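Undergrad: Got a structure here, written out as structure tokens. Questions coming.
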Amino acid sequence: MQEGSKYMTYEFSGVLAGHLQDFISEKRGIGYIYNTEAKHLSRFSRFSLDYEVPPDSLPEELVRAWIAKKPTDSDRNQYSRYSLIGQFARYMVRMGCPAYVPGAGDIGKTHRTFIPYIFTHDEIRALFSVFDSMETPLRSGAPRRKDIMPVLFRLLYCCGLRASEAATLKGGDVDLEKGVLTIRNSKFGKTRYVPMSGQITARCAEYDRTRLADKGGDDWFFAAPDGGHYDTRTIYSIFRDCLWKAGISHGGRGNGPRVHDLRHTFAVHCLQKWTAAGEDLTTALPRLSAYMGHHDFSATEQYLRLTAEVYPEISALLDEKYGYIIPKMEDPLYEEN
């Protein structure tokens with residue numbers, strides 16, 4: 001494995017190696033970073049060495065073996081393999097190669113059970129009360145964590161950022177005069193600009209006056225004790241601890257609430273506010289989509305259904321005015337960090 005500016009390069013084995021590399025190149029050519037997917041497809045190429053694979057083909061036996069559920073598999077892990085190999089199979093077919101394209105029946109429908117956790121307004125208040133009262137334990141290796149986390153989590157909820165986007169902000173990405181965040185190389189490899197409210201800008205400015213800035217180095221806005229930035233696992237660990245202190249129960253591994261559900265909650269609370277105020281959602285949804293950095297409009301549309309389900313008092317209004325664009329929740333919204 002080699003590291004480039006933003007793309008990771010992995011080694012591929014077997015007769016499918018060239019096709020796999022071409023498939024990844026195509027995905028990256030249309031804007032995807034595709035690093036995690038490339039890693040999994042590298043594993044798939046090694047897995048294929050145990051099977052007889054005719055040149056320029058993707059046999060059913062290999063595909064079924066790859067997506068078969070393993071004893072330690074979660075539904076999500078199995079579905080990830082199924083989804084990725086399905087994309088590759090359809091690419092092979094487009095290239096004129098015989099390939100087995102798996103269907104949903106090959107793994108069942110267990111992957112459709114996840115539903116994002118939408119925090120109530122009371123839960124948000126309780127959670128941020130815990131963030132704001134964080135203390136530094138004696139002999140702590142992270143004495144500034146209590147100053148960083150209340151600001152970082154506010155960017156997740158108040159600006160709808162992904163945890164990885166907030167964690168990798170640099171000092172120059174936070175324009176405190178204009179109140180704008182620059183999100184670089186986000187999920188789809190694009191840069192976007194995220195305006196902040198006056199209140200959030202002021203909170204960032206207050207934090208900025210005391211943060212550890214390294215103008216000659218990486219200058220992470222949320223610098224970790226080792227000089228790098230906080231990783232998402234550390235952020236999740238802190239989040240879980242604060243959930244418990246706020247009295248919000250966790251459903252166990254894979255059931256949430258997750259850190260990413262703050263982003264989902266931001267979108268639903270925005271739509272709730274706009275609907276109650278009589279805003280025209282046909283013009284508001286594209287703004288929300290661009291603000292959140294969605295790859296296409298369909299991801300944002302899913303929040304309409306979530307809003308109607310979480311706030312039944314506005315469900316009739318949504319159905320009456322926007323029923324034609326509200327999607328059915330046959331496959332609940334799921335979005336990676």
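Undergrad: Can you list residues whose amide H is under 5 Å from Leu58's amide H, if they're 5+ apart or on another chain and H is modeled 1.01 Å from N?
TA: Distant-sequence amide H within range of Leu58: Ala99, Tyr100.
Undergrad: Starting at the first residue of region 18-29, write each ³J(HN,Hα) from the Karplus equation 6.51 cos²θ - 1.76 cosθ + 1.60 with θ = phi - 60°, in whole Hz, x for Gly and Pro.
TA: My calculation for region 18-29 gives x, 5, 5, 5, 5, 4, 5, 4, 5, 4, 5, x Hz in order.
Undergrad: Can you grab the distance from the C-alpha centre of region 122-191 to the C-alpha centre of region 23-69, Å, no decimals?
TA: 36
Undergrad: Mind giving me the nanometre distance, one decimal, between the label points for Tyr193 and Thr283, set 7 Å out from Cα along Cα→Cβ?
TA: 2.1
Undergrad: Next question, about the same structure. Within region 234-263, whose backbone N sits under 19 Å from a point 7 Å along Cα→Cβ of Thr72?
TA: From region 234-263, the list is 253-254.
Undergrad: In whole Hz, what ³J(HN,Hα) sequence does region 257-270 give by Karplus (6.51, -1.76, 1.60; θ = phi - 60°), x for Gly and Pro?
TA: x, 9, 4, 5, 5, 5, 5, 4, 5, 4, 5, 5, 5, 4
Undergrad: Ordered by packing density, taken as the mean number of other Cβ atoms within 10 Å over each peptide's residues, highest first, how do 93-102, 256-265 rank?
TA: Details: 93-102: 14.9, 256-265: 21.3.
Top to bottom by mean Cβ count within 10 Å: 256-265, 93-102.
Undergrad: Something else now. Listed here are the pairs Lys6/Lys273; Lys39/Lys245; Lys170/Lys273; Lys39/Lys146; Lys27/Lys69; which of them are more than 29 Å apart at the Cα?
TA: Numbers: Lys6/Lys273 37 Å; Lys39/Lys245 37 Å; Lys170/Lys273 31 Å; Lys39/Lys146 35 Å; Lys27/Lys69 27 Å.
Exceeds cut-off: Lys6/Lys273; Lys39/Lys245; Lys170/Lys273; Lys39/Lys146.
Undergrad: Multiply the residue separation of Thr136 and His40 by 0.36 nm, subtract the distance between their alpha-carbon atoms, and state the gained length in nm to one decimal.
TA: Here the answer is 30.6 nm.
Undergrad: How much length, in nm to one decimal, is gained on full extension between Ala17 and Lys178, taken as 0.36 nm per residue of separation minus their Cα-Cα distance? Write out the running numbers ahead of the final one.
TA: Working: separation 161, 0.36 × 161 = 57.96 nm, distance 4.81 nm.
Going from the current span to full extension adds 53.1 nm.
Undergrad: With charges only on Cβ, +1 for K and R and -1 for D and E, what is the dipole size of region 4-138 about its Cα centre, in debye, rounded to 20?
TA: On the way: 16 positive and 16 negative charges, 37 e Å.
For region 4-138, the charge dipole is close to 180 debye.
Undergrad: While we're looking at this one, here's another question. Which far-off residues, 5 or more places away or on another chain, put their amide H under 5 Å from the one on Lys170, with H placed in the peptide plane?
TA: For Lys170, whose amide H was placed from the backbone, the distant partners under 5 Å are Phe221.
Undergrad: Restricting attention to region 216-286, which chymotrypsin sites (Phe, Trp or Tyr not before Pro) occupy a DSSP loop and are surrounded by at most 13 other Cβ atoms within 10 Å? Spell out each step's value before the answer.
TA: Working: sites: Trp220, Phe221, Phe222, Tyr230, Tyr236, Phe239, Trp244, Phe266, Trp274; in loops: Phe221, Phe222, Tyr230.
Here no chymotrypsin sites (Phe, Trp or Tyr not before Pro) fit, given the DSSP loop and packing criteria.
Undergrad: Moving on to the next point. Can you work out the accessible area per residue across region 63-203, with the rest of the protein chains kept in place, probe 1.4 Å, in square angstrom? List each step's numbers first, then the result.
TA: Numbers: 7060 Å² over 141 residues.
Using a 1.4 Å probe on heavy atoms only, each residue of region 63-203 averages 50 Å².
Undergrad: Could you please tell me the mean projected area of the C-alpha convex hull for region 221-287, averaged over all directions and given in square nanometres to one decimal? Numbers along the way, then the final one.
TA: On the way: hull surface 28.5 nm².
Mean projected area of the Cα convex hull: 7.1 nm².
Undergrad: Moving on. If Cys158, Cys204 are ordered by their accessible area, calculated over protein heavy atoms with a 1.4 Å probe, which sequence runs from highest to lowest? It would help to have the intermediate numbers written out before the result.
TA: Numbers: Cys158 55, Cys204 0 Å².
From most exposed to least exposed: Cys158, Cys204.
Undergrad: Towards the positive end of the charge dipole of region 50-143, with charges on Cβ (+1 Lys, Arg; -1 Asp, Glu), say which of Pro98, Gln78, Ser57 has the farthest Cα.
TA: Going by the charge dipole, the pick is Pro98.
Undergrad: Which value results for Rg/Rh of region 118-179 when Rg is the Cα radius of gyration and Rh the Kirkwood radius based on the inverse mean 1/r?
TA: Numbers: Rg = 13.4 Å, Rh = 13.2 Å.
Rg/Rh for region 118-179 comes to 1.01.
Undergrad: Could I ask something else about it? Under a crude label model (7 Å from the Cα following the beta-carbon direction), how far is Glu60 from Ile115 in nanometres?
TA: Those two pseudo-labels are separated by 3.7 nm.
Undergrad: Would you please give the FRET efficiency between Lys273 and Phe47, computed as 1/(1 + (r/R0)^6) with r the Cβ-Cβ distance and R0 = 45 Å, to the nearest 0.05? Walk me through the intermediate numbers first.
TA: Values: r = 48 Å, r/R0 = 1.07.
With a Förster radius of 45 Å, E is 0.40.
Undergrad: Right, another one. Taking a temperature of 37 °C and a viscosity of 0.692 mPa s, what whole-number D in µm²/s does Stokes-Einstein yield for region 63-195 with Rh from Kirkwood over alpha carbon pairs? Display every interim value, and only then the final one.
TA: Numbers: Rh = 19.2 Å.
Diffusion coefficient, whole number: 171 µm²/s.
Undergrad: Highest first, please rank the peptides 21-27, 283-289 by the mean number of other Cβ atoms sitting within 10 Å of their residues. It would help to have the intermediate numbers written out before the result.
TA: Numbers: 21-27: 17.1, 283-289: 15.6.
The peptides rank, most packed first, as 21-27, 283-289.
Undergrad: Which percent of Cα-Cα pairs in region 4-85 sits in each 10 Å bin, short to long?
TA: Each 10 Å bin holds this share of Cα pairs: 17, 49, 30, 4.
Undergrad: Gly256's amide H: which non-local residues (gap 5+, or another chain) put their own amide H closer than 5 Å, with H modeled 1.01 Å from N in plane and none for Pro or chain starts?
TA: When sequence neighbours closer than 5 places are left aside, the close amide H contacts are Gly251.
The values are calculated or read from the model by the stated rules, or taken from the named source; none is laboratory data. These numbers come from a predicted model, not from an experiment. Methodologically, a virtual Cβ is constructed for each residue, glycine included, from the backbone with ideal geometry; neighbour enumeration extends over all protein chains shown. Quick note on the areas: whole protein, heavy atoms, side chains included, nothing else; ligands and nucleic acids left out. Shrake-Rupley method; radii C 1.70, N 1.55, O 1.52, S 1.80 Å.
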